[in-house]
Amino acid sequence: MKKVASLIALFVALLIPQLCLAQAPAGAPAGTTGLCNDGSYFKGSVKIGACTGHKGLKTWWGAPKAPAKTAPVKTAPAKTTTPPKSAPAPAAKTTPPPAASTPPPTTKPSSPATPAKTSPSNTAAAPGGGPGLVWLNTASNVYHCPGSTYYGKTKAGAYMTEPEAKAKGAHPNGGKACSTK
């Protein structure tokens, strides 16, 4: 009798976790882990950010993410050492600092380790360019005049005359042409 009871307990112990896990419906594509509010399916393994751009997450079927296991940090006991005995150092001769005629400049404390953001204003312009040439951003098909913020500073582009840029179908930045004819 004990053997039958233990088999039933084992069967129930194995069956309950399977019933408790949510599973994707039969009509969902293979590997689907979530259903978005707009009716599309999500196949990622992380719930955070799922269905971004699809009106959010409606149902999650994926397994919950287990917490990351980290190895305990082992610390070595601190060594205590005594400094070697030696003769005392000779006294140093000190001289007073020279009198300052102007007060030292005050500086504002800088923010701690903030990386500089790359923007067109702090990037170097592409070599070339000059009078009579515009910078055509080939990615957006917009041309920029000399002296403007983006002149020679977009990721993809080329220098050319304004009529050449217009012949390629480009339009001026802000709708203002560079040349005044």
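FYI, it's all coordinate maths here, none of it is from the lab. The structure presented is a predicted model; accordingly, all values stated were derived computationally and were not measured. Here the Cβ positions follow ideal geometry from the backbone for every residue, glycine too, while neighbour counts run over all protein chains shown.
Okay, here's what the table says:
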{"quantity": "Elements of type strands (runs of 3 or more DSSP E) in the range 122-181, at least 2 residues being among the hydrophobic types (A, V, I, L, M, F, W, C)", "calculated": "133-137, 157-161"}
{"quantity": "Selection count, the range 146-163, where residues are over 31 Å from the mean Cα position of the chain (by Cα), over 12 Å from Gly130 (Cα atoms) and aliphatic (A, V, I, L, M)", "calculated": "0"}
{"quantity": "In the range 125-150, the residues that are within 9 Å of Pro172 (Cα to Cα) and exposed (fewer than 12 other Cβ atoms within 10 Å of the Cβ)", "calculated": "none"}
